[in-house]
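The block underneath contains the structure these notes are about, expressed in structure tokens.
The values are calculated or read from the model by the stated rules, or taken from the named source; none is laboratory data. Values in this document were obtained by computation on a predicted structure and should not be read as measured data. All Cβ positions, glycine included, derive from the backbone under ideal geometry; neighbour counts span all protein chains shown. Areas reflect the complete protein model, heavy atoms only, side chains present, ligands, DNA and RNA absent. Shrake-Rupley method; radii C 1.70, N 1.55, O 1.52, S 1.80 Å.
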Amino acid sequence: MNEPDLQGPDNLSFYQEINKEQAYAELLIKTSEYIRQVDSDAKILIAGAATAREESIDFYKKVLAIDGVTDAFDIANIHSISGMGIASFNVED
């Protein structure tokens, strides 16, 4: 599924929650567990940051700090079309 598939009032409700980082982390972890049960060789991607804006970076910093998240995916991706002043997306910077 992609964003266009999730349009409408009954979809994406977890993004409306007060603690959206925790809600996304729980979704990622549960989904990852199921995928690995079905296909232990599957490569799981975390949802990509849509921008390099501070709110996107802050969201992912909070998500990645939640226990179990870094074990729930294999590949991180970024959808940003401009660097927005960010010199590097390297997690070690």
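Results, tabulated for the structure shown:
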quantity	calculated
Every pair of residues 6+ apart whose Cβ atoms lie under 6 Å, when the first sits in the stretch 46-70 and is over 9 Å from Tyr24 (Cβ atoms) while the second is part of a helix (DSSP H, G or I) and of a type in the set (Ser, Thr, Tyr)	Ala49/Ser56; Ala49/Tyr60
Complete set of residues in the stretch 72-81 that are out of contact with any strand residue (DSSP E or B) (no Cβ under 9 Å at 6 or more places or on another chain), surrounded by 12 or more Cβ atoms within 10 Å (Cβ to Cβ) and without any contact (Cβ under 8 Å) to a residue 40 or more places away in the chain	none
Of the criteria (1) open to solvent by 70 Å² or more (accessible area, probe 1.4 Å); (2) modelled with pLDDT under 95; (3) out of contact with any helix residue (DSSP H, G or I) (no Cβ under 7 Å at 6 or more places or on another chain), which one Glu17 fails	(3)
Given (1) modelled with pLDDT of 90 or more; (2) part of a loop (DSSP other than H, G, I, E, B); (3) surrounded by 15 or more Cβ atoms within 10 Å (Cβ to Cβ), number of the condition Val63 does not satisfy	(2)
Subset of the stretch 32-42 that is open to solvent by 60 Å² or more (accessible area, probe 1.4 Å) and under 17 Å from the mean Cα position of the chain (by Cα) - its residue that is farthest from Asp71 (Cα to Cα)	Tyr34
